[in-house]
Protein chains: 2
Amino acid sequence: MSTLSVDLGARSYPIHIGPGLLDDGALLGALVPARQRLIVTNDVVGALYLDRLRSTLGGKAQVLVLPDGEAHKTLATFERIIDTLIGAEFHRDACVIALGGGVIGDVAGFAAACYQRGIAYLQIPTTLLAQVDSSVGGKTAVNHPRAKNMIGAFYQPIGVIADTTVLESLPARELSAGLAEIIKYGLILDAGFFGWLEEHIESLRALDPAALEHAIRRSCELKAAIVAEDEREQGRRALLNLGHTFGHALESLGRYERWLHGEAVAIGICLAAEVSVARCGLDPAQCVRIEALLERAGLPTRAPGLDPGRMIELMRMDKKAAAAGLKLVLLERIGHAVTQLHTDEIALAELLRGAFAA
Amino acid sequence: MSTLSVDLGARSYPIHIGPGLLDDGALLGALVPARQRLIVTNDVVGALYLDRLRSTLGGKAQVLVLPDGEAHKTLATFERIIDTLIGAEFHRDACVIALGGGVIGDVAGFAAACYQRGIAYLQIPTTLLAQVDSSVGGKTAVNHPRAKNMIGAFYQPIGVIADTTVLESLPARELSAGLAEIIKYGLILDAGFFGWLEEHIESLRALDPAALEHAIRRSCELKAAIVAEDEREQGRRALLNLGHTFGHALESLGRYERWLHGEAVAIGICLAAEVSVARCGLDPAQCVRIEALLERAGLPTRAPGLDPGRMIELMRMDKKAAAAGLKLVLLERIGHAVTQLHTDEIALAELLRGAFAA
């Protein structure tokens, strides 16, 4: 087991990474001492791991099983969690345990952030994407019918348990989606890690435990360093959005059905890389390496039939947009990202059109 | 005009107090530079002050006028504000301006806290209660059908403008409700201020501008000092809840119609004072002074027909309750409050019965 501390002063917390942690009673007992506990999970993950978690925890715990899927990351689901907490007369010293992927972590975390203005929550992410993305950064949210993650809070968990064994039950497509975020960390911050990924991508897809533990740990470390610097995304943290402004627009264009989040981010990274070649001198050979690694990870790199105009319209609604124009994260080289403000949307649309025609 | 800084590191902000500030274009312009702005108000306050605020602000501002009253401090109203922000395509650099009493400040502040995980908001409290209570502390929330302020966030405004002139349109009963909180600050923290209030209570009720400015400023100073020490209510900040655990239960018993919040707090303070005589040596003569000042402020001090058992049941649901028992704020003497854990609810009920029979 690897343990890593996310350093945020009074809000610091540990991330434990390794195989079989869901059965580690001592670890869970230390993180969640006896008190009121609500496990929030979904029907798919719950069927696989809820009984094990309850038996490891021992004692009483309330359980709320939500339907699976991003369609349920809504204010109505948030309200259901709050109703459950109030119905069970939970106090301020209670704890919410999120057992599931990003959707469960985001909505349960947001409910924990708002219930009585904030109670403890523990994250047990069960997808690779959630283990490397949602476990660091304190972003919680629900979607609005018109845009993703529009309603939420920055709120830190008391701890994260990333059990690599649970990834064995993850569909291959979702594993790949998680790899997209891992590749992203190498791209924006660590060329050496990107090189390591080029060497180990097949081991990761084969769920080699040591490779997984390293990739998850390094991803969390890289993200934690940026978040510690810029918890509320005023500056440098924006770099983590490489591929995401495009990605969110793609998800919306695909009605959140065509692509998984990580898949949309993979296409978004390719778009960002192509804009980077044109706008900030990214070596075209590196652009080719980036697309090749994403493909080897089992990810899409193209979105045929895309409408650049509609895409830019959606990007403008993204949270990262400023009144002055679209702020994009681009790459000067592998391992070094920068932000660039795009005030000329027509030129950007042309560039996108070109990238997709290619 | 008095200006006071609430010192919370990167989240510090100014409170400006004085007559006629709603017409001070330079002050408002400095606080809310030209950007997307949404004014949230209610129909009563809006009819009186919305046009003036818009003309002082100049330029464009979206407006959302909510129905007046605590009944609208709900998740549904929160959602309406979010919908308005999304409908107007507000970005992260936008600002919400809350023009109204505590309800408007709480719900608009909570919406600002959650929209895109937090945008700026400016408070313009138009009741005495909101000027001395909601302007310091960053508490935002909405009610749940089963309990008050159950869903919310700690979130700081970018500034507060307390215009004492607007209090001229406030019903006398609401002015008194604000005085209850002002008296509370003297009771828990500053015997000298309590003495000043005994001398100036009539000037305050007559809206003497200098007396108002002093009382609001001193109240905000006392609260700000405690909040700076304990922003998230882990310890000392709990003292501010003198009279509130009783008060919230009373409000609920009265279905939020019988008493205004400040009136319920006034009765709660009297209950706390009587429990204090029995449990922590408060001089009975001071208890008499406390009740006398509250009465002179035009406040109720008794709740005839109270059921102590039902009251304790409601108090147990209060956010301040811990799993171990009821935590009450009591007075050792005027100017010095302490917290005490009550594990024996039956004894407490007896004490309440006695206090109300007296």
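The range A:27-70 and the range A:209-260 have Cα centres spaced 26 Å apart. Using only Cα coordinates, the Kirkwood hydrodynamic radius of the range B:2-169 works out to 15.6 Å. Ascending distances from the B:Arg173 label point to its copies in the other chains, with the point 7 Å along the Cα-to-beta-carbon line: 6.1 nm.
What shape does the range B:182-238 have by the C-alpha gyration tensor, where a ≥ b ≥ c are the square roots of the eigenvalues, rounded means a/c under 1.5, and otherwise prolate means a/b greater than b/c and oblate the rest? Note, shape of the range B:182-238 comes out prolate. Computed on the Cα atoms alone, the convex hull of the range A:213-306 gives a volume of 132 cubic angstrom per residue. With neighbours defined as other Cβ atoms within 10 Å of a residue's Cβ, the residues A:Lys60, A:Lys139 order from fewest to most as A:Lys60, A:Lys139. Counted by Cβ distance under 9 Å from B:Ala264, the other residues give a net charge of -1, where Lys and Arg count +1 and Asp and Glu count -1.
When the Cα atoms of the range B:1-42 are aligned to their principal axes, the ranges along those axes come out at 27, 25, 23 Å in descending order.
A full extension of the chain between A:Arg310 and A:Ser12 corresponds to an added length of 103.2 nm, given 0.36 nm per residue minus the alpha carbon distance. Could you state, as a whole-number percent, how many of the C-alpha pairs of the range A:262-302 are farther apart than 13 Å? Cα-Cα pairs in the range A:262-302 separated by more than 13 Å: 45 percent. Nearest-to-axis residue in chain B, judged by Cβ distance to the rotation axis that brings B onto A and given in whole Å, is B:Ala153, 3.
Volume per residue for chain B equals 119 cubic angstrom (convex hull of Cα atoms). Each of B:Met315, B:Met1 was scored by other Cβ atoms within 10 Å of its Cβ. Listed from fewest to most, they are B:Met1, B:Met315.
Taken over the protein assembly as shown, the convex hull of the Cα atoms encloses 139 Å³ per residue.
For label points placed 7 Å from Cα toward Cβ, what is the shortest-first list of nm distances from A:Asp307 to its copies? Between copies, matching label points for A:Asp307 lie 6.1 nm apart. Compactness ratio for the range B:21-80: Cα radius of gyration over 2.2 N^0.38 Å (N = residue count) comes to 1.23. For the range B:228-282, the equivalent ellipsoid derived from the alpha-carbon gyration tensor has semi-axes of 21, 17, 7 Å in decreasing order. Remark: label point of A:Glu350 defined 7 Å out from Cα along the Cα-Cβ vector; separations to the same position in other copies 8.7 nm, ascending. Shape of the range A:152-220 from the C-alpha gyration tensor: oblate (a/c of 1.5 or more and a/b not above b/c, with a ≥ b ≥ c the square roots of its eigenvalues).
Once you charge only the Cβ atoms, +1 for Lys and Arg and -1 for Asp and Glu, what is the size of the charge dipole of chain A about its Cα centre, to the nearest 20 debye? The partial results should precede the final answer.
On the way: 35 positive and 42 negative charges, 158 e Å.
It comes to approximately 760 debye.
Once Rg and the Kirkwood radius are both taken over the C-alpha atoms of the range B:172-357, their ratio Rg/Rh works out to 0.95.
Using the 2.2 N^0.38 Å rule of thumb for compact globular proteins, work out how the range B:63-128 stacks up: its C-alpha Rg over that value, please.
Working: Rg = 11.0 Å, N = 66, 2.2 N^0.38 = 10.8 Å.
Its radius of gyration relative to the 2.2 N^0.38 Å reference: 1.02.
222 nm [θ] for chain B, helices only, -39500 (n - 2.57) per DSSP H run of 4+, per residue, to 500?
Working: 13 runs with 172 residues, N = 358.
The per-residue figure over chain B is -15500 deg cm²/dmol.
Comparing A:Ala47, A:Ala98, A:Ala153 in a Gaussian network model of chain A, where Cα atoms under 10 Å apart are tied by springs, the biggest mean-square fluctuation is seen for A:Ala47.
Sparse packing (at most 10 other Cβ atoms within 10 Å of the Cβ) combined with a DSSP loop state is found for the following trypsin sites (Lys or Arg not before Pro) in the range B:223-283: B:Arg255. From the Kirkwood radius over Cα pairs of the range B:111-210, Stokes-Einstein at 37 °C and 0.692 mPa s returns a whole-number translational diffusion coefficient of 215 µm²/s. The P(r) of the range A:168-264 has a tail past 21 Å containing 39 percent of all C-alpha pairs. What separates the Cα centres of the range A:166-192 and the range A:82-137 is a distance of 23 Å.
By count of other Cβ within 10 Å, fewest leading, how are B:Leu170, B:Leu179 ordered?
On the way: B:Leu170 18, B:Leu179 26.
The most exposed by this proxy come first: B:Leu170, B:Leu179.
None of the figures in this text is laboratory data; all of them are computed from the coordinates on show. Since this is a predicted model, take the numbers as computed values, not measurements. Glycine also receives a Cβ, built like all others from the backbone with ideal geometry; neighbour counts cover every protein chain displayed.
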